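Bear in mind that the values in this text are calculations on the coordinates, not laboratory data. All values reported here derive from a predicted model rather than from experimental measurement. A quick note on method: Cβ atoms are made from the backbone with ideal geometry, for glycine too, and the neighbour counts reach across all protein chains shown.
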Amino acid sequence: MTVSSTQRIIGGICLILTLMTWFVFSPALQCDFINFDDPGYVVENPMISGGLTWQGLRWSLTNSHGGNWHPLTSLSHMLDCQLYGLNPTGHHLTNLLLHTATALVLFLLIFRMTGVIWRSAIIAALFAVHPLRIESVVWIAERKDVLSGLFFLLTLLAYVRYVRLPFSVRRYLLIMLLFTLGLLSKPMLVTLPFVLLLLDYWPLGRTVAKRRLIVEKIPLLLLSLGACATTFWAQQHSMLTISVPFANRVANAVVSYAVYLKQLVYPFNLALVYPHSGKLPEISQLVISAGVLISVSVLACFSCRKRPWFLVGWLWYLGMLVPVIGLVQVGVQAHADRYTYLPQIGLLLMLVWMIAEMPAFLKIRRGIRISFITAILISSMLIARAQTAYWRNSITIWTHTLECTQDNLYALTNLGVALFNENEVDTAIICFLNALEIDPTDEDVIRNLKIVLLHKKALDE
């Protein structure tokens, strides 16, 4: 294959990836802000909604925002407000553009590392249109996911260039710069040095001394430690939202790893909030989840010589989820779809290579494999596009969340607020009363119910 023909194929793949992504997420351009995090991140935050100002810049650098310190994300929201005001279409457009760019960079990254074009394209396509991407892309408050994801993959791309060319301080500084920008977008990227070590093993196959491989990651590790410290400072209030014993957190983490695996192959009943009960999961669920994780881990370790991609993809998945798997409980969720944005890349890498490199006696004919992958991509696109419709406004997303979960205090409360704002007072009261049945002491529910009853002039009630 000539250079020019390869370039045409790459260009064609990039065009198809873009069209697929926009087919799935273009309905988001008609969606509104929702009443969960969007007010604090954009709509009701005067530092953000006022656009780009010197005061806003100082605020973003010296204050936590939504339980995180991510000044670059805050600045991106300010820029949107400067350009579009509080028109949600512009804010959704920025998220969509960032996600599209991330998918394209992922394709180029894997192709640059492995030299295999079609597997790289399939991984990027599955990443781009999988229904689990909906929360990260369609939720305006999750700008930090798509922004940090782009810088994460750009950092890996810069690292590949640094490895393939003679040593250069300038190229290494570029890696540090991109990584810093990623951390300033979302601190979840703290595991990047670990991912680089995995890539050193496969597919880069670096043969330099192990000591050098570790030493060159130390500056990046120091950046990660700094991000961890600022995150701990920023999330101290959020850590007090729900108190969960450590043993219960570990058990929930094991189950969450398995839940994300299930959602990879069965992406249905996706909700905005999966509430954490604070209790131990069911024993049967915990045993099955632990069994799956242990079995795959053992298989990955025993096959690492012949199938290094299996171990790398699996450890990518396990390692990148560590900061958000719930060992340190922040917020009210047991798990969240948005947390899979970058970790799922490891699973896709592992699965695509597994299908492509099946033993000869297990291999399916090429035409059948192509049809199978095409069917998966089309079904993913249709499911994800349908899921996007649930994000039309606060009422639709919370109604859908209640259909997918049980005893969801937070969904009932936020749905009640959304209904009240639309003057559906009686239905809002029902939501708050149902929420009180779950937790009769919740102060937010009681306060909102009082407001609605006063509005209705039901003073005795």
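Below are the figures for this structure:
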item	result
Three-way shape label, region 61-184, alpha-carbon gyration tensor, a/c 1.5	oblate
Cβ-based charge dipole, the chain, positive-most Cα from S379, V298, Q235	V298
Within the chain, longest stretch clear of exposed chymotrypsin sites (Phe, Trp or Tyr not before Pro) (DSSP loop, no more than 14 other Cβ within 10 Å)	1-166
Region 283-394 shape via C-alpha gyration tensor axes, a/c threshold 1.5	oblate
Answer label, with Rg and Dmax of the Cα atoms in Å calculated from the coordinates and candidates [x] 23.8, 75; [y] 29.6, 98; [z] 22.9, 82	[z]
Local electrostatic count at S49 - Lys and Arg +1, Asp and Glu -1, tallied over other residues with Cβ under 15 Å	-3
Farthest toward positive dipole pole in region 323-461 [+1 Lys/Arg, -1 Asp/Glu at C-beta], among I438, T388, L402	T388
Unit charges on C-beta of K, R, D, E only; dipole of region 169-274, Debye	340 debye
Debye, to nearest 20: dipole size of the chain, +1 on Lys, Arg Cβ, -1 on Asp, Glu Cβ	2980 debye
Distant-in-sequence amide H partners of H65 (H built 1.01 Å from N, under 5 Å)	H70
Prolate/oblate/rounded label for region 202-315 (Cα gyration tensor, a/c 1.5)	oblate
Region 315-377-region 171-214 distance, computed between alpha-carbon centres (Å)	21 Å
Once exposed loop trypsin sites (Lys or Arg not before Pro) are cut out (DSSP; at most 11 other Cβ, 10 Å), longest piece of the chain	1-278
Part-to-part distance (alpha-carbon centres) for region 231-303 and region 143-170, which is given in Å	29 Å
Mean Cα-pair separation over length for region 407-455, i.e. relative contact order, pairs under 8 Å, 6 or more apart, %	37 percent
Difference of contour (0.36 nm per residue) and Cα-Cα distance, E443 to R170	92.8 nm
Length gained when the stretch Q55-L225 is fully extended (0.36 nm per residue, less Cα-Cα span)	58.4 nm
On Cα atoms only, tilt of 143-164 relative to the major axis of the chain in degrees	10 degrees
Within straight-line cross-link reach of K186, lysines at Cα separation under 19 Å, skipping those fewer than 8 residues along the same chain	K144
Residue-averaged [θ]222 nm for the chain, counting only DSSP H segments that reach four residues, each worth -39500 (n - 2.57)	-22000 deg cm²/dmol
Packing-based exposure ordering (other Cβ within 10 Å, fewest first) of M381, M78, M358	M358, M381, M78
